[in-house]
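Everything on this sheet refers to the single structure shown next.
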Amino acid sequence: MGTKNTKRYKDRHERKEMIFRGILYLSSVGILLLLIGFFVSLPLDAFESIRKFGIGFAFTRIWDPVAGNFGALVFIVGTLVTSCIALVLSIPFSISIALFLGEYFREGIVSTFLKSAVELLAGIPSIIYGFWGIFVLVPIVIDLEMKLMVINDRILPYGVGILTASVVLTVMIIPYSASIAREVITLVPTDLKEAAYSLGATRFEVIRRVVLPAARSGIIAGIVLSLGRALGETMAITMLIGNANRLPDKLLSLANIFVPINTMASVIANEFAEATDSLHRSSLIYVGLLLFLITMVINITGRYIIKKTSVSIDE
Amino acid sequence: MKASSTGYRIIKDKLFISGVVLFSFLSIVPLLLILFYIIKNGIAVINWDFLTQLPRPMGEEGGGIINAIVGTLMLIVIACLVSVPVGVTAGIYLNEYRTGKIAESVRMAVEVIMGIPSIIIGIIAYTWIVIPLGSFSALSGGVALAIMMLPVIIKSTEETLKLVPNTLREASLALGVPYSTTIIKVIIPAGLSGIITGILLGVARVAGETAPLLFTAFGNPFMNYNILEPVNSLPLLIFVYATSPYQEWHSLAWGASLVLVVFVLLMNFITKLVTRR
């Protein structure tokens with residue numbers, strides 16, 4: 001009798017443990033399935049467009065929902081141009097912040113303030129950047145356009161366009177590259193720096209010849225990861241890019257910096273809810289699929305560099 | 001190498017540090033400007049009516065944003081209900097089976113999902129939920145936000161549980177406490193503050209998100225409590241009002257921005273308090 005009860009207790013107990021482990025297992029596999037779902041679902045929903053336009057979709061500059069002709073070249077160019085401008089503009093700022101917090105002033109009130117301010121910068125929603133940009137930055141850019149008289153084929157300056165979007169994007173990505181760069185700069189071994197100081201190097205020389213080279217791959221990883229963010233940034237860009245579905249006529253002209261264009265993310269944000277035609281919708285999803293693949297490659301590259309760096313620091 | 005004079009090298013050193021300080025503080029100027037404009041223009045609009053009334057039709061004075069506030073809270077609750085159980089259990093799994101093949105690939109998947117642009121998560125929620133249910137809904141918006149919260153919750157759960165000392169687990173198991181009870185009654189309480197931090201961080205990440213809601217929650221000028229109907233949210237309302245040509249709507253958008261920014265920053269602040277303890 002006693003053994004029977006114990007056995008029943010043990011059975012129930014074991015079943016409970018099995019269920020518990022099962023739940024843990026299911027959640028984890030669920031995450032994998034979620035990601036696989038992205039890989040299956042996006043190509044499937046873009047299939048109509050993929051079949052019709054093939055790989056040439058990425059190199060066609062016509063986007064005409066009325067005639068049913070679609071190509072993503074304009075958006076790819078728009079995305080790359082705005083992201084690259086933002087990336088280049090952000091580098092001096094993020095490296096300065098990283099050196100300020102990771103090398104010059106590691107502690108103290110001022111660096112706590114700067115650190116919290118940068119964190120807040122990262123915390124402000126994209127929509128707020130866009131809204132602020134419309135009402136504060138756009139008038140400034142209009143003034144600038146008037147002063148420079150870069151009026152191409154139109155009479156009034158818009159104020160929205162590549163420059164405005166890139167400037168806001170710069171501010172938005174600074175915190176990401178700065179925080180990663182700061183972490184690696186903090187990790188540079190003190191002996192290395194002390195060795196250089198003992199040879200009579202100034203602080204600048206130590207930073208230039210020891211700290212930055214030692215932290216180089218981490219800094220690059222931070223920049224790559226912030227590129228990943230810049231590529232997928234949607235709302236602020238949608239509000240400030242001007243939403244024009246064509247490339248400027250003269251490609252290599254500096255005045256193009258004011259031209260309105262569209263990015264991959266912003267064209268989806270603008271047109272998806274209104275796309276009733278199935279080819280239009282699947283073309284937008286095709287654009288989304290390309291964006292998904294590009295950002296994934298960029299992100300994995302960044303993580304890979306970080307992983308390699310932290311291994312070499314451990315050794 | 002050409003030897004340069006000490007004076008020149010010192011000047012270069014000073015110039016460099018001035019540059020670092022200058023650029024560091026220049027980069028927070030936009031933050032101060034944004035906060036300044038939002039507070040200046042937002043305070044003027046915010047009053048009790050603004051927080052408790054529905055938006056009025058175009059042309060009428062006044063009106064509020066209560067539907068967007070309620071909608072935002074609904075979306076966040078739905079997102080938490082979906083993402084917290086899955087995220088915490090997946091985080092526990094990653095901590096328990098650190099080196100397994102599945103754990104490795106789940107970790108990789110979490111990184112990838114973390115980097116997916118939010119607009120694409122919107123497309124997925126649209127095709128997985130909006131199309132089958134036949135209408136835009138709070139549910140689809142909440143699920144989109146849940147997908148964005150998941151990686152944050154999983155990562156912070158795993159990181160916190162890693163820090164729980166192994167002796168705690170061994171003590172519990174040595175007393176004959178079953179494995180599941182050990183985790184629920186010993187390991188999780190020990191790492192609770194970290195898990196809560198993760199959830200709050202996730203909420204702060206999605207509370208201001210607009211892109212995934214554009215074609216899922218969609219927006220709604222009326223009050224709605226039904227999760228199968230479209231709802232408004234603060235970011236969506238700001239987007240619609242800010243891009244409209246009407247002056248009254250712009251000032252409402254400033255007010256809504258202030259409410260949203262205060263909410264998001266409060267979340268970050270609470271997160272910090274919890275972490276410090």
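The values are calculated or read from the model by the stated rules, or taken from the named source; none is laboratory data. Not measured: the values here are computed from a predicted model. Cβ placement follows ideal geometry from the backbone for every residue including glycine, while neighbour counts extend to all protein chains displayed.
Tabulated values for the structure
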| quantity | calculated |
| --- | --- |
| Residue match in region B:213-229 (condition: part of a helix (DSSP H, G or I) and crowded, with 22+ Cβ neighbours inside 10 Å) | yes |
| Test: residue in region B:239-261 that is over 16 Å from the mean Cα position of the chain (by Cα) and more than 14 Å from every other protein chain (Cβ to nearest Cβ) | yes |
| Helices (runs of 4 or more DSSP H) enclosed by region B:1-116 - at least 1 residues per element that are within 30 Å of A:Leu26 (Cα to Cα) | B:66-96, B:101-115 |
| Complete set of residues in region B:125-172 that are crowded, with 17+ Cβ neighbours inside 10 Å and not in a helix (DSSP H, G or I) | B:Phe136, B:Ser137, B:Val164 |
| Positions within region B:27-43 being in contact (Cβ under 8 Å) with a residue 60 or more places away in the chain and either surrounded by fewer than 12 Cβ atoms within 10 Å (Cβ to Cβ) or more than 14 Å from chain A (Cβ to nearest Cβ) (or both), in sequence order | B:Ile43 |
| The lone exception for B:Met114 - which of (1) in contact with a Pro (Cβ under 9 Å, 6 or more places away or on another chain); (2) free of Cβ contacts under 8 Å to residues at least 24 places away in the same chain; (3) within 14 Å of chain A (Cβ to nearest Cβ) it fails | (2) |
| Flag if A:Leu99 is facing chain B (nearest Cβ under 9 Å) and either within 27 Å of B:Asn41 (Cα to Cα) or surrounded by fewer than 14 Cβ atoms within 10 Å (Cβ to Cβ) (or both) | no |
| Qualifying residue in region A:12-20 (condition: assigned to a helix (DSSP H, G or I), surrounded by 17 or more Cβ atoms within 10 Å (Cβ to Cβ) and outside the structural domain of A:Tyr286 (by TED's automatic domain parsing)) | yes |
| B:Leu236 being surrounded by 17 or more Cβ atoms within 10 Å (Cβ to Cβ), at pLDDT 90 or above and assigned to a helix (DSSP H, G or I) | yes |
| A:Ile55 being at pLDDT 95 or above, among the β-branched types (Val, Ile, Thr) and part of a helix (DSSP H, G or I) | no |
| Test set (1) hydrophobic (A, V, I, L, M, F, W, C); (2) touching a Gly at 6+ places or on another chain (Cβ under 9 Å); (3) modelled with pLDDT of 90 or more - A:Ile257 fails condition number | (3) |
| Yes/no for B:Leu139 being more than 9 Å from chain A (Cβ to nearest Cβ), at negative phi, under 19 Å from the mean Cα position of the chain (by Cα) and in contact (Cβ under 8 Å) with a residue 24 or more places away in the chain | yes |
| Unique match (being buried (at least 24 other Cβ atoms within 10 Å of the Cβ) and more than 27 Å from A:Glu271 (Cα to Cα)) among B:Tyr93, B:Tyr97 | B:Tyr93 |
| Any hit, region B:51-66, residues being within 28 Å of A:Val118 (Cα to Cα), buried (at least 17 other Cβ atoms within 10 Å of the Cβ), in contact (Cβ under 8 Å) with a residue 24 or more places away in the chain and within 26 Å of the chain's Cα centre (by Cα) | no |
| Test: residue in region A:271-283 that is at the interface with chain B (Cβ under 9 Å from one of its Cβ atoms) and either at pLDDT below 95 or crowded, with 18+ Cβ neighbours inside 10 Å (or both) | yes |
| Hits in region A:193-218 - residues which are more than 23 Å from B:Gly19 (Cβ to Cβ) and at pLDDT 90 or above | A:Glu194, A:Ala195, A:Ser198, A:Leu199 |
| Within region A:172-265, helices (runs of 4 or more DSSP H) holding 1 or more residues that are β-branched (Val, Ile, Thr), surrounded by fewer than 21 Cβ atoms within 10 Å (Cβ to Cβ) and in contact (Cβ under 8 Å) with a residue 12 or more places away in the chain | A:212-232 |
| Filtered residue count, region B:173-186, keeping only those that are buried (at least 18 other Cβ atoms within 10 Å of the Cβ) and touching an Asp or Glu at 6+ places or on another chain (Cβ under 9 Å) | 1 |
| Residue count, region A:1-28 (criterion: at the interface with chain B (Cβ under 7 Å from one of its Cβ atoms) and of a type in the set (A, V, I, L, M)) | 2 |
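Here's the yes/no breakdown for (1) more than 23 Å from the chain's Cα centre (by Cα); (2) not aliphatic (A, V, I, L, M); (3) not in a helix (DSSP H, G or I):
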site: A:Phe75; (1), (2), (3): no, yes, no
site: A:Gly78; (1), (2), (3): no, yes, no
site: A:Ser83; (1), (2), (3): no, yes, no
site: A:Val88; (1), (2), (3): no, no, no
site: A:Phe93; (1), (2), (3): no, yes, no
site: A:Ala98; (1), (2), (3): no, no, no
site: A:Arg106; (1), (2), (3): yes, yes, yes
site: A:Leu114; (1), (2), (3): no, no, no
site: A:Ala117; (1), (2), (3): no, no, no
